[in-house]
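Here is the structure we will look at, set down as structure tokens.
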Amino acid sequence: MAALVWWLMAYGLVHYCRRTPALAGPRLEEVITIFKPLPRLGSAGASEGLRAALLSFVRQLDDKTELLLGLHEEDRATAQAWVEPLQAAAPEGKVRIFFRTGPHIHTNAKISWLEWLAPHARGSWWLWSDADMVAPPGWLDQARRAALVWPNAHLVTFPYYVKSPAHLQSSWDAAFVNAEMLPGACLLAVLRREVNFAFGAAMLFRRETFLSRCNWAALGSHLADDYAVGHALGQCRVVLPALETLAEESTWWGALRHYQRWHKTIRWCQPVGYACQILINPLLGWFLAVVLFPTWPVAWVGFSLQYVAEVLVVLLLNRQAGDRSLPSFSSLALLATWPALRSAMWLVSWLPLGVRWREHTWHGLQQPDR
């Protein structure tokens, strides 16, 4: 019953948050600097999805906004073809490109980039947003209004959803974001509760507040840098509208590792809350009943009905998040594995196994910095 109540709530929450009315009232008029450091792109260059994500921010720039784009020097040649049109789509001088050489100074490569870009920022407000986020039209204006809705908040942060996976293998990422993460984030936004963490999709905060409360080295040794920033700043608010994130994992092993990193990171960040997920995951109980009482028909019926119900849940939540197209047979078959994968990963996340991110294997939230 707890699971049924939660999934009904989840459906209503995602429906509401994806269609929440625009904020009214005054907007923040101070200068905002948007940070967009990119990982090493390699010979393939930036994907079409990544270029579209960056363009979604560039098109919303105005005279009180600038965007700092960080690229590795090794990517200069392949980036030239798409960087110039990106700059041309923005007001003159509002997209500033920086090429960087040398190794990362922190274990967390993203924090290395952000610290390196920080002295170039002209804004009194900073907006950190992962490179693979797509801003809906008018989102930046709404973010400015949200900053004034919560004048006492040290940080306002925005959740995210997956509209349509780029590859079949990305369906697990979409299932995690839309069914496991988004409903809870929407609940926090609706309840207007103060939290002590943030989402990497977008974090908006005053430059002075960040510099007075955060330590670059501490952030640089942390796997979940968004969580660490929110924890250090405190008085954070989850607000809407949400952004769209890309799901572009194209290999099975990469997709499985990515899904494991989602679970493991949350388990490390919020162990009590993660443990309480057992209250809304009766599939494990039904599976145990089947194992202990294999001849009991009720156990098999309960397990089967629960499994089918969770497949329907993820299909409906994906549809609410934005993917209105009918799933293909292969996509449906892969999503049918999600209930089992979610339950198995919940159990595996309590084992002393590390996660791989970029060039490092993490065995906890923090590692000694470089």
Exercise. Between segment 248-287 and segment 31-103, what's the alpha-carbon centroid distance in Å?
Worked result: 33 Å
For this session: Looking at the chain, send over the antiparallel percent of its DSSP beta bridges, to the nearest 5.
Result: 40 percent
Exercise. Over all directions, what mean area does the Cα convex hull of segment 8-64 project, stated in square nanometres?
Worked result: 7.0 nm²
Exercise. Going by Cβ distance under 4.7 Å, what cysteines of the chain have no possible disulfide partner?
Worked result: 214, 236, 269, 276
Exercise. Which whole-number value in Å³ per residue fits the convex hull of the alpha carbons of segment 247-287?
Worked result: 97 Å³
Exercise. Dividing the alpha-carbon Rg of segment 108-172 by 2.2 N^0.38 Å yields what?
Worked result: 1.41
Problem set entry | the chain: equivalent-ellipsoid semi-axes (sqrt of 5 x gyration tensor eigenvalues, Cα, Å) | 36, 22, 21
For this session: Find me the longest stretch of the chain that has none of the exposed GluC sites (Glu not before Pro), where exposed means in a DSSP loop (not H, G, I, E or B) with at most 14 other Cβ atoms within 10 Å.
Result: 93-358
Exercise. By the scheme Lys and Arg +1, Asp and Glu -1, what is the net charge of all other residues having a beta-carbon under 14 Å from that of residue 352?
Worked result: +2
For this session: Quantify, in whole percent, the carbon and sulfur part of the accessible surface of the chain (1.4 Å probe; protein heavy atoms only).
Result: 62 percent
Seminar exercise, completed: Note to self: with every protein chain in place and a 1.4 Å probe, segment 107-146 gives an accessible area per residue in Å² of 29 Å²
Exercise. If you line up the Cα atoms of segment 2-153 on their principal axes, what length do they span on each, largest first, in Å?
Worked result: 51, 38, 30
Seminar exercise, completed: Rg/Rh of segment 123-249 (Cα atoms, Kirkwood Rh), to two decimals, equals 0.97
For this session: Please turn the phi angles of segment 69-83 into ³J(HN,Hα) values with the Karplus equation 6.51 cos²θ - 1.76 cosθ + 1.60 (θ = phi - 60°), one per residue in order, whole Hz, x for glycine and proline.
Result: 9, x, 10, 6, 4, 5, 9, 4, 5, 6, 7, 4, 5, 10, 6
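The values are calculated or read from the model by the stated rules, or taken from the named source; none is laboratory data. These numbers were taken from a predicted model, which means no experiment stands behind them. For neighbour counting, all protein chains shown are included, and Cβ atoms are generated from backbone atoms with ideal geometry for every residue, glycine included. What goes into the accessible areas is simple: the full protein's heavy atoms, side chains included, and nothing from ligands, DNA or RNA. Shrake-Rupley method; radii C 1.70, N 1.55, O 1.52, S 1.80 Å.
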